[in-house]
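*Asks:* Handing you this structure, nothing more for now.
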Amino acid sequence: KDQNEELTQAISLALFDYLKKSKARGFVLSLSGGADSGSCAVLVSEMVRRAVHILGTEKFCNSLGLQMTANDRKGLVTQLLTCAYQATKNSSDETLNAARTLAESIGAAFHQWNIDAEVDSYVQTIETAINRPLTWEQDDISLQNIQARARSPVIWLLANNKRAVLLTTSNRREGAVGYATMDGDTSGSLAPIAAISKT
């Protein structure tokens with residue numbers, strides 16, 4: 001069996017099983033426009049496609065407490081997956097367009113907002129505490145990481161508000177080498193690709 005197909009089957013089943021047992025109302029995902037978060041979004045869409053194929057739309061909807069959408073898979077994904085693109089001044093139009101296009105193609109609900117005010121607030125607090133400005137030349141890692149971490153509270157707020165499971169987007173290779181940002185791309189309650197290498 002093709003390993004990609006086997007992987008997709010396994011994660012689709014795991015997502016469905018977790019959603020059903022937790023009685024959550026779907027998934028929330030910080031969608032960056034990159035491969036990791038994009039893979040998580042596609043896996044939720046695949047969960048819907050495969051579960052509807054096996055169970056039928058009515059049984060699928062009943063098992064998760066969804067509204068029937070007349071075999072409209074995108075409509076079911078809309079009910080189950082909410083994505084948010086959280087921009088900073090360093091974000092690009094390319095990543096925004098990639099995130100939006102992917103969300104639209106699978107039917108996910110999509111939001112976008114800017115987190116520069118939150119990042120600036122955190123930076124100013126530390127600048128005051130250490131009595132000097134933070135610079136990219138001297139504080140590159142700190143300034144990169146605060147952008148990732150500033151996304152966490154607001155996406156958690158959205159997930160809690162929707163009574164949904166927040167998906168973590170960190171992969172195995174990033175975790176193994178310490179490249180993942182703790183409380184950034186590791187923030188969430190379920191990690192669909194945590195055991196999968198970047199390649």
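*Asks:* Do you know the Lys pair count in the chain for C-alpha distances under 27 Å, with sequence separation 8 or more or different chains?
*Replies:* 14
*Asks:* Multiply the residue separation of Ser39 and Glu6 by 0.36 nm, subtract the distance between their alpha-carbon atoms, and state the gained length in nm to one decimal.
*Replies:* So the chain would gain 10.4 nm between Ser39 and Glu6.
*Asks:* Name all residues of segment 153-169 having a backbone nitrogen under 15 Å from the label point set 7 Å from the Cα of Trp113 along its Cα→Cβ direction, giving them as ranges.
*Replies:* Residues 153-163 fall inside that zone.
*Asks:* Would you mind computing, in nm to one decimal, how far apart the modelled labels at Asp93 and Gln138 are, each placed 7 Å from Cα along Cα→Cβ?
*Replies:* 3.6
*Asks:* Moving on. Want the number for Asn62 to Ala129: 0.36 nm per residue separation, take away the alpha-carbon distance, what's left?
*Replies:* Full extension from Asn62 to Ala129 adds 18.8 nm.
*Asks:* What are the ³J(HN,Hα) values, in whole Hz, obtained from phi via the Karplus relation 6.51 cos²θ - 1.76 cosθ + 1.60 with θ = phi - 60°, for each residue of segment 96-101 in sequence order, with x given for Gly and Pro?
*Replies:* Each residue of segment 96-101 in turn: 4, 5, 5, 5, 5, 4 Hz.
*Asks:* Simple spin-label model, 7 Å along Cα-to-Cβ: Arg49 to Arg73 in nm?
*Replies:* 0.4
*Asks:* Computing the accessible area with a 1.4 Å probe over protein heavy atoms, can you report the carbon and sulfur percentage for the chain?
*Replies:* With neighbouring chains kept in place, the figure for the chain is 51 percent.
*Asks:* Give the ranking of Ser170, Ser121, Ser91 by solvent-accessible surface, highest area first, calculated with a 1.4 Å probe.
*Replies:* Per-residue accessible area, sorted high to low, gives Ser121, Ser91, Ser170.
*Asks:* Tell me, what is the per residue accessible area of the chain in Å², probe radius 1.4 Å?
*Replies:* 56
The values are calculated or read from the model by the stated rules, or taken from the named source; none is laboratory data. The structure displayed is predicted, hence computed values, not measured ones. Ideal geometry is used to build each Cβ from the backbone, glycine not excepted, and the neighbour counts take in all protein chains shown. These accessible areas exclude ligands, DNA and RNA; they are computed on the full protein's heavy atoms, side chains included. Shrake-Rupley method; radii C 1.70, N 1.55, O 1.52, S 1.80 Å.
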